[in-house]
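Shown next, in structure tokens, is the structure this report addresses.
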Amino acid sequence: MDRKQVIEKIQAILKLQEGTTFDGEADNAAKMIDMLCKKYGVTIDEATEVQVEDEIFLKFKKINVAYATLLNAIAYFYDAKAYLKTDVNGNKTIQVIGSEAQQIQVRIYFDYLVDCMEKETETAHKAEKIIAQLQGTKLSRSFKTNFRKGFAEQVMNRLQDKKKQEGRVHEHKAVTDKALSTRRFNTSRRMNGATGYGGNAGASAGGSVSLNRQASGASQKQIVGV
């Protein structure tokens, strides 16, 4: 087992120990925890503190700028960190660094906003295509791309304002910041923003989309915390 697996196993045994009403079971759990801690050099404090993970969120050959913009904005909103990574084999991924809660929150909110963006993009494209046919003009092939970029940029601005106005600080911010303090990230990459009518239309849609309907059901809303 690697260190992460050991900590997860200790955490599972601790939950069992806390939930049992049988002394013998609790004693066996304590012995197992003690054995794992000694064998793998893990302390109880380390096993019970919030763990920060660096997880693969998206894999890509050519980066989707709108998706990357949304993910970066959402990670920032939850005090996590999204970044681009290229491994030694040239494989490209977008990673998210954060606690399990932050990872879940980012995923739920990202899926919601991407779903909204894609629906708005298709609706706008169909409408503009009809208008172009009626006017005898051609709809730009980059309409959808620029629409998505404009949508994502507007949502990013709104999330930044929302976080600032509400003074939002994630409960795991401190442990995530501590993990990030030992890392260095390349910030030199620049991505082209939205242009043209498609970008303007996307920004309009991004300015009106609800930021509070990303989950259905009280439990999901509580997890996402928006």
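A few comments on the model shown:
- Among the candidates ALA127, ALA174, residue that is farther than 18 Å from GLY196 by Cα, hydrophobic (A, V, I, L, M, F, W, C), without any contact (Cβ under 8 Å) to a residue 24 or more places away in the chain and loosely packed, with under 15 Cβ neighbours inside 10 Å: ALA174
- Scoring ALA80 on the criteria (1) under 15 Å from LEU159 (Cβ atoms); (2) open to solvent by 20 Å² or more (accessible area, probe 1.4 Å) leaves a single failure, condition (2).
- Filter result (open to solvent by 60 Å² or more (accessible area, probe 1.4 Å), among the charged types (D, E, K, R) and outside any loop (DSSP other than H, G, I, E, B)) within the stretch 161-171: ASP161, LYS164, GLU166
- Scan the stretch 141-158 for residues that are over 21 Å from ASN212 (Cα atoms) and surrounded by fewer than 16 Cβ atoms within 10 Å (Cβ to Cβ) and the total you get is 2.
- When GLU53, GLU128 are checked against the criterion of being among the charged types (D, E, K, R), more than 24 Å from GLN160 (Cβ to Cβ), in a strand (DSSP E or B) and touching a helix residue (DSSP H, G or I) at 6+ places or on another chain (Cβ under 7 Å), GLU53 stands alone in meeting it.
- Options ILE63, ILE94, ILE74: the member that is open to solvent by less than 60 Å² (accessible area, probe 1.4 Å), in contact (Cβ under 8 Å) with a residue 24 or more places away in the chain, under 21 Å from THR145 (Cα atoms) and under 9 Å from the mean Cα position of the chain (by Cα): ILE74
- The set of residues in the stretch 99-119 that are of a type outside the set (Val, Ile, Thr), touching a Phe, Trp or Tyr at 6+ places or on another chain (Cβ under 7 Å) and either open to solvent by 10 Å² or more (accessible area, probe 1.4 Å) or not in a helix (DSSP H, G or I) (or both) contains only GLN105.
- Filtered residues of the stretch 28-49 (kept if open to solvent by less than 60 Å² (accessible area, probe 1.4 Å) and either modelled with pLDDT under 80 or more than 27 Å from LYS178 (Cβ to Cβ) (or both)): ALA29, ALA30, ILE33, VAL42, GLU46, ALA47
- Output for the stretch 91-149, where each listed residue is under 16 Å from ASN64 (Cβ atoms) and in contact with an Asp or Glu (Cβ under 9 Å, 6 or more places away or on another chain): THR93, GLN95, VAL96, PHE143, LYS144, PHE147, ARG148
The values are calculated or read from the model by the stated rules, or taken from the named source; none is laboratory data. In this text, all values refer to a predicted model and were calculated from it rather than measured experimentally. As a convention, Cβ positions derive from the backbone with ideal geometry for all residues, glycine included, and neighbour counts pool all protein chains shown. Just the protein is used for accessible areas: all its heavy atoms, side chains included, with ligands, DNA and RNA removed. Shrake-Rupley method; radii C 1.70, N 1.55, O 1.52, S 1.80 Å.
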